[in-house]
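None of the figures in this text is laboratory data; all of them are computed from the coordinates on show. Computed from a prediction, not measured in an experiment: that's the story for all the values here. Cβ placement follows ideal geometry from the backbone for every residue including glycine, while neighbour counts extend to all protein chains displayed.
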Amino acid sequence: MSKLIFKRRSIRRFKDEVIPDEAISQILKAAMAAPSANNLKAWHFVVITKRELLDHLALIHPYGKMLQQANAAILVCGDNQKQPVTGYLYMDCAAATQNILLEATSLEIGSVWLGIYPRELRMQQIGSFLNLPETIIPVSLVALGYPAERKPINNPWQADAIHYNKW
Ligand SMILES: Cc1cc2nc3c(=O)[nH]c(=O)nc-3n(C[C@H](O)[C@H](O)[C@H](O)COP(=O)(O)O)c2cc1C
């Protein structure tokens, strides 16, 4: 697993190649295996595969131009009726998002996390474009596709970020 963690990079160039339904299901299964506060699993996933929807999302999201090349995207949303502690809801969705990235990496599918929450305008525009109910909060969008770029292994050691016992 640690190999996968270091292999994962944000991929923003994709080949014109369809991601099979089974791969999407496997990615969703991984998302749903994420930890969640009180084990509420108050998340929803909108799988977007229609070209015109992906293209429009690329226009709405200011840093989402790669959606024009993506073969699919997954919108990770939280249900604030099911988990009313919204801070937890966002963290649960973030954990699910990371699982999506890692599972995609394991399937040799490129991915990039596009931030939605807490950007009010993106939340509102994407929520209304994809018909989200009022209680469903869009948290992150993951663009997916077979990679048309290669990136080196992540080398993230930050000695100054580590504090033993007390700060
Ligand atoms: C909360 C969050 C929001 C992000 N939003 C965007 C985004 O809008 N567009 C984008 O291209 N990348 C986005 N990224 C990806 C980061 O830019 C990327 O993870 C970072 O530059 C490190 O590169 P790596 O993922 O290849 O290790 C986001 C990542 C996170 C965690």
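Structural remarks
- Net length gained if the chain between residue 13 and residue 149 were fully extended (0.36 nm per residue, minus Cα distance): 48.4 nm
- For the range 1-55, the square roots of the Cα gyration tensor eigenvalues, ordered a ≥ b ≥ c, give a/c of at least 1.5 with a/b no greater than b/c, which places it in the oblate category.
- Packing rank of 134-143, 32-41, 54-63, where each peptide gets the mean count of other beta carbons within 10 Å, highest leading: 134-143, 54-63, 32-41
- Look at where the Cα atoms of the range 10-34 and of the range 90-167 average out, and the two centres are 13 Å apart.
- Reach of residue 3 by Cα under 18 Å, taken over aspartates and glutamates that are not fewer than 8 positions away in the same chain: 103, 108
- Straight-line cross-link partners of residue 82 among the lysines, defined as a Cα under 30 Å from its Cα and at least 8 positions apart when in the same chain: 29, 41, 50.
- Evaluating 6.51 cos²θ - 1.76 cosθ + 1.60 at θ = phi - 60° for every residue in the range 9-16, the Karplus couplings come out as 9, 6, 10, 10, 10, 10, 7, 7 Hz, glycine and proline recorded as x.
- For the range 1-105, the alpha carbon positions stretch 40, 33, 25 Å along the principal axes, listed from largest to smallest.
- At R0 = 30 Å, FRET efficiency that the Cβ-Cβ distance of residue 3 and residue 164 yields, to 0.05: 0.70
- Annotation: peptides 115-123, 4-12, ranked by per-residue average of other Cβ atoms within 10 Å with the highest first, follow the order 4-12, 115-123.
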